[in-house]
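Novice: Below is one structure. I have some questions about it.
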Amino acid sequence: MSLRSRLAILFGLLALVVSAIVGAASYQATRSEVSESTDRFLESRAIEVTRGIREQPGNPPLRPNRANTNDLANGANGAIDDAATLLPRLPFDPDAIVQVIDRDGVVLSSGSNELPITDAVERLIVERPRPGESAPDRYDDVEIDGTSYRMYTRALQGGGAIQVARSTTENDAVLSVLVSRIAIIGLIAAVLAAFAGWWIARRTTRPLRRLADVAATVADTRDFSIDVPVGRPDEIGQLAGSFREMLTALETSREQQHRLVLDAGHELRTPLTSLRANVEMLQRIDSRPDAALTPEDRRELLHAINSEVGELSNLFTELMELATDSHDADATMEA
């Protein structure tokens, strides 16, 4: 897999992870806000009903009596003395189910569906908050005929309780749409990030590809004098500069090897020529029966041959030392 592909996948995965984290945080925040909004709505509806502000559709306007006047004066903590007082003006609006329970736990009136009375609700029924006190209340998640509801129960001063419930279907639909949009946005962000990673990697690796082409050309042609494009102050430029220095060093090394071969050939030619002449002389003397060497001539001839062999041996040693970098390649070979 190429570097561009790896970077594209890495950018895409990174964007996907970031989108998932942001989406999860957004989902939790939205879910909490929607739930709190529903709870505020239920509490507000229950308070409006207990104050007699909301009326059942079709009923005449409510004429405040002494109890109603006291409720309005008490503010949010006020409550009607008895649950039966609410019967003539219960607001059964379609956006919520309202149910009134008396002090004995009997449902006096309910909306389109009867709300469940749990053990916790029964404990609230017997509560009788004093005027000016905060009325006990609670929230429950219930299911009615297969539909999920958020239910709010508030104790009344004279005993009993009022319950307000609202379906969470709309909230679930909003959250479901939010999840779908987060998923789509995350996928789009991942694709765009992958494309951005591929484009960045393509621009970044362009000089690296040029260096790879130069290296391939050098490997094919053995031409170390080829030009290496640098012109960058970053790490890639430093790599190109180092590659150029390496080619320069290789070119210098090849030139030194060439000079070494020439110098070695020149230095070897003289002792080899002398050695060949002495050997030929011995061959001519051996081919002529009447020819003979004096002991003095023989010693001089053998000394010359031995000297040339020693010189060849020294040259061979120097060549081996140069080949193993024991001496500098520019060292002058001595005859």
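The values are calculated or read from the model by the stated rules, or taken from the named source; none is laboratory data. Note that this is a predicted model, so its numbers are computed, not measured. Because the Cβ atoms are built from the backbone with ideal geometry, glycine has one as well, and the counts that use them run over all protein chains shown. Only protein heavy atoms, including side chains, enter the accessible area calculation; ligands, DNA and RNA are left aside. Shrake-Rupley method; radii C 1.70, N 1.55, O 1.52, S 1.80 Å.
Novice: Please indicate, with yes or no, whether at least one residue in the stretch 226-235 is in a helix (DSSP H, G or I) and either touching a Cys at 6+ places or on another chain (Cβ under 8 Å) or open to solvent by 40 Å² or more (accessible area, probe 1.4 Å) (or both).
Specialist: We begin by selecting, within the stretch 226-235, every residue in a helix (DSSP H, G or I); these are 235.
Those left that are additionally either touching a Cys at 6+ places or on another chain (Cβ under 8 Å) or open to solvent by 40 Å² or more (accessible area, probe 1.4 Å) (or both): 235.
Yes, the stretch 226-235 contains a residue that is in a helix (DSSP H, G or I) and either touching a Cys at 6+ places or on another chain (Cβ under 8 Å) or open to solvent by 40 Å² or more (accessible area, probe 1.4 Å) (or both).
Novice: Can you tell which of TYR139, TYR152 is at pLDDT 90 or above, hydroxyl-bearing (Ser, Thr, Tyr), within 22 Å of ARG31 (Cα to Cα) and open to solvent by less than 20 Å² (accessible area, probe 1.4 Å)?
Specialist: Numbers: TYR139 fails: open to solvent by less than 20 Å² (accessible area, probe 1.4 Å).
Of the residues listed, the single one that is at pLDDT 90 or above, hydroxyl-bearing (Ser, Thr, Tyr), within 22 Å of ARG31 (Cα to Cα) and open to solvent by less than 20 Å² (accessible area, probe 1.4 Å) is TYR152.
Novice: Now for a separate question. Across the stretch 158-191, what is the number of residues that are closer than 30 Å to ARG51 by Cα, among the β-branched types (Val, Ile, Thr) and open to solvent by 70 Å² or more (accessible area, probe 1.4 Å)?
Specialist: 1
Novice: Just wondering, is there one or more residues in the stretch 150-172 that are assigned to a helix (DSSP H, G or I) and basic (Lys, Arg)?
Specialist: Within the stretch 150-172, not a single residue is assigned to a helix (DSSP H, G or I) and basic (Lys, Arg).
Novice: Looking only at the stretch 37-54, count how many residues are out of contact with any strand residue (DSSP E or B) (no Cβ under 7 Å at 6 or more places or on another chain) and more than 15 Å from THR168 (Cα to Cα).
Specialist: Residues meeting the conditions: 7.
Novice: Only residues in the stretch 116-128 that are open to solvent by less than 50 Å² (accessible area, probe 1.4 Å) count as the first member; pair them with residues that are part of a loop (DSSP other than H, G, I, E, B) and of a type in the set (Val, Ile, Thr), Cβ under 9 angstrom, at least 6 apart or cross-chain, and list the lot.
Specialist: Taking only residues 6 or more apart or on different chains, the pairs are ILE125/ILE117.
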